[in-house]
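Worksheet: the structure to be examined is printed underneath.
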Amino acid sequence: MGKEEFKNIKILYVEDDENIRKNAISYFQRLFDTVYEAKDAFNAWEIIKEEKPHIIITDIKMPKMSGLELVKKIRQFDEKVQIIILTAFTDTRYLLEAVELGLVKYLVKPIRHDKMLPVLLQCSNNLKEKKSNIKYLTDTCLFDTFNKTLVNDNKIIKLTKNELDFLELLCVNNNRVVTYVEIENKIWYDSVMSDDAIRSLVRNLRRKLPKDTLNNIARVGYKISSL
């Protein structure tokens, strides 16, 4: 894979450990033409104001100002920049906050090419299509289509695989009605979708979503309401 996938995209990497930062920068320079590095959040903030990178990758645990505090600061003036958090933690409290801050991904260290590359490609696609992987259904409910995470009233809602696949299909196509054929192909691709099966799926998913956000369009399919 060459640099053409990331042409004209500027990336900033924030990490206080010099050795880790040096190795990561070497990796990112193989993919991107323009790579900035910062040793802490304050250094990063100056670069962000001056250079306006398109993708920011930051460690979560840094002295003086954490990665999450930096992201909150960024989000006060920029909702579109693609942000990836790297951390040694797997605590769901961090995951919840990460989703609410509109991050593309929350990755556990160390950086691995097979984990990082798909996320960078997702960032690139989001930038090209000027879209976000975060879909707000209401002021207090959002679905992250890339990480497949539903958050309602500051709580991560557990969904079954079929519920996740169905909700992802609806949210990715939130500007139109998703047909019964599309739903069958996505969820019941190796069998036949019965009336009872789709009704049961919709009924269970509605219990986990805000009221009136999942709508049936008679004889056509379903549509999700979003902000």
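Do you know which residues across the stretch 167-182 are open to solvent by 70 Å² or more (accessible area, probe 1.4 Å), out of contact with any Gly (no Cβ under 9 Å at 6 or more places or on another chain) and over 28 Å from M116 (Cβ atoms)? It would help to see each step written out before you state the result.
Going residue by residue through the stretch 167-182, those that are open to solvent by 70 Å² or more (accessible area, probe 1.4 Å) are 172, 175-176, 181.
Adding the requirement that they be out of contact with any Gly (no Cβ under 9 Å at 6 or more places or on another chain) leaves 172, 175-176.
Listed by number, the residues that qualify are N175, R176.
Collect the residues in the stretch 125-148 that are open to solvent by less than 50 Å² (accessible area, probe 1.4 Å) and part of a loop (DSSP other than H, G, I, E, B), keeping them in residue-number order. Steps first, answer last, please.
Taking the stretch 125-148 first, the residues open to solvent by less than 50 Å² (accessible area, probe 1.4 Å) are 126-127, 132-135, 137-138, 141-145, 147.
Matches in the stretch 125-148: S132, N133, T145, N147.
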* To do: Within the stretch 149-166, track down each residue that is closer than 18 Å to V104 by Cα and open to solvent by less than 20 Å² (accessible area, probe 1.4 Å).
  => T149, L150, V151
* Taking interchain pairs and intrachain pairs at least six residues apart, which have beta carbon atoms under 7 angstrom, with the first residue in the stretch 107-119 and over 14 Å from I55 (Cβ atoms) and the second open to solvent by less than 60 Å² (accessible area, probe 1.4 Å) and hydroxyl-bearing (S, T, Y)? -> V108/T87; K109/T87
* Restricted to the stretch 183-203, and to residues that are surrounded by 15 or more Cβ atoms within 10 Å (Cβ to Cβ) and assigned to a helix (DSSP H, G or I), which residue is farthest from the chain's Cα centre (by Cα)? -> A197
* Structure fact -> Over the stretch 32-51, the set of residues modelled with pLDDT of 95 or more, in a loop (DSSP other than H, G, I, E, B) and either open to solvent by 30 Å² or more (accessible area, probe 1.4 Å) or under 13 Å from I111 (Cβ atoms) (or both) is K39
* To do: From I25, I74, grab the single residue that is in a helix (DSSP H, G or I) and farther than 30 Å from K155 by Cβ.
  => I25
* Pairs, first polar (S, T, N, Q) in the stretch 159-180, second in a loop (DSSP other than H, G, I, E, B) and open to solvent by 30 Å² or more (accessible area, probe 1.4 Å), C-beta under 8 Å, six or more apart -> N174/S226; T179/V220
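The values are calculated or read from the model by the stated rules, or taken from the named source; none is laboratory data. This structure is a prediction, so every number in the text was calculated from the model and none was measured. FYI the Cβ positions are ideal-geometry reconstructions off the backbone, even for glycines, and counts take in every protein chain you see. These area figures cover heavy atoms from the full protein model, side chains too; ligands, DNA and RNA do not enter into them. Shrake-Rupley method; radii C 1.70, N 1.55, O 1.52, S 1.80 Å.
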